[in-house]
1. For the range 103-156, which GluC sites (Glu not before Pro) are in a loop by DSSP, counting at most 13 other Cβ atoms within 10 Å?
2. In the chain, which Cys residues have no partner Cys with a Cβ closer than 4.7 Å?
3. Where Rh is the Kirkwood radius over the Cα pairs of the range 386-441, the temperature 20 °C and the viscosity 1.002 mPa s, what D in µm²/s does Stokes-Einstein return?
4. Using the Kirkwood radius over C-alpha pairs as Rh, can you work out the diffusion coefficient of the range 23-140 via Stokes-Einstein at 10 °C, viscosity 1.306 mPa s, in µm² per second?
5. Once Rh for the chain is found with the Kirkwood sum over Cα pairs, what is the Stokes-Einstein diffusion coefficient at 4 °C and 1.567 mPa s, in µm²/s?
6. Going from the alpha-carbon gyration tensor of the range 354-396, what semi-axes, largest first and in whole Å, does one get by taking the root of 5 times each eigenvalue?
7. Starting from the Cα coordinates of the range 196-347, work out the convex hull volume and express it per residue in Å³.
8. Restricting things to alpha carbons, tell me how big the range 258-384 is in terms of Rg and Dmax, in Å.
Amino acid sequence: MNIAEKLSSLVKFRTVSSFRPEEEDEKPFAALIEALPGLYPGAHAALERILVGPRGIVYRWQGKNPSLKPAIFCAHFDVVPASESDPWDEPPFSGTIRDGFVWGRGTQDIKVQIACILEAAETLLSAGFVPERTLYFAFGGDEEVGGRRGAGAISKWFSEQNVHASWVIDEGSPVGQGLVGFVHKPIALIGIAEKGYADIVIEVPGQGGHASMPPRNTALGALSHAIARIEDKPFPARITKTTDEFLAALAPHAVSPYKQIFSLRHLLTPVILKAFSATPSTNAMVRTTCAATMAQASPKENVLPNLAQAVINVRIMPGTTVAQVIDRFNALIAPYGAKAYAKFPEHTVEPSTESSTSSEGWNSIVAAISEAFPDAIPAPFLFTAGTDTKHYRGITDDIYRFQPLVQTQADLAAVHNVNEKVSVENLERCVRFYRALMNQQ
């Protein structure tokens, strides 16, 4: 089987995870795990496989030099739901190979990386390669719902085994093609930091009763004012170490006047922050973002609510904490009788630290990019979504988030959406990247 056929096989397993485990169908998860030895017989013959609970898979590729810290390659095999009734050009769990693409849920997020990591190992093993450092492959099965049963359990296992890695690589941003207008070359966006996450409830108590005799200010009206206040007072924009290094990497390749502005970024910080604040994608790189996503009040049209609530989804910049977000909200909304608190305190995630751009992990990733994507500009990046890497912070020196696929805005729009697909050409380059990365270890 070729790499496209192997990924197609993995897509066919409906490994849809849920925040309520009792709602999951465990059979596809178990079946995928059992299918891997048949798809990658060389890796399973040569590497040690450890099953960590029902949702964790670890492969250990023993290196020749025990004095070197290991490296960990991560991915996840669960996916978000996809309905057959949605307007897919090919069924979401068919794994159809057509017109040079593999179609289906997981082709981008991110069964693709499991397929390519194991394929790279197969090809190196067939050539007799043995790494100098020990390599681990760590695959979790519940990243889309927090990763506690997968990566969380694997991280605990690593700790129990006294494994401390030099670096970890997991999913992240791609080799972006045409994602920014000021650089024409593709940009390999290597996430060296990750935003924090919190769902914050904004709550206003009210005076219930019949809507025909309302008070001057209702709970829902006060809630609306509170939300507007939060939106009118965004977090201050600032350039972090990560964004500063991102601009430094792009400056030599940017078109005018961005080349000059980025080169003089320490003098022109206000100009850069104003420009980045103008669009959602770049605004997310320079400030903690707040998005009102849910609201509820009265259960009926003519009933005044006793309580009005909204949820603000917050993505938190490095250097800011969840507690500081809540304190800021409470200070802003107190005049409206509102209060803020974490909806799920156990699911809040603090921002990561910022990893090194001079470490052996960084240098290895950049070298592998130059081999698989020779036209791309490697650039440090602030990853604004969430990954399983939050579980590995205590067992490694540095963490990098990178998806070795060339992607346009149209490609990214298909993630968690209909018509998710990946080109066979992209798959082959993804394998080339992982093979080059492993070959350096």
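1. Numbers: sites: Glu119, Glu122, Glu132, Glu143, Glu144; in loops: Glu132.
Loop-located and lightly packed - Glu132.
2. Lacking a cysteine Cβ partner under 4.7 Å: Cys74, Cys290.
3. Values: Rh = 13.6 Å.
The Stokes-Einstein estimate is 157 µm²/s.
4. Working: Rh = 15.8 Å.
Value of D from the Cα-based Kirkwood radius: 100 µm²/s.
5. Numbers: Rh = 23.4 Å.
Result for D is 55 µm²/s.
6. 22, 13, 10
7. Numbers: hull volume 19.8 nm³, N = 152.
So the per-residue hull volume is 130 Å³.
8. 20.7, 65
Bear in mind these aren't lab numbers, they're just calculated from the coordinates by the rules spelled out. Every value quoted in this text rests on a predicted model; they were computed, and no experiment measured them. Cβ sites come from the backbone with ideal geometry, for glycine too, and all protein chains shown count toward neighbours.
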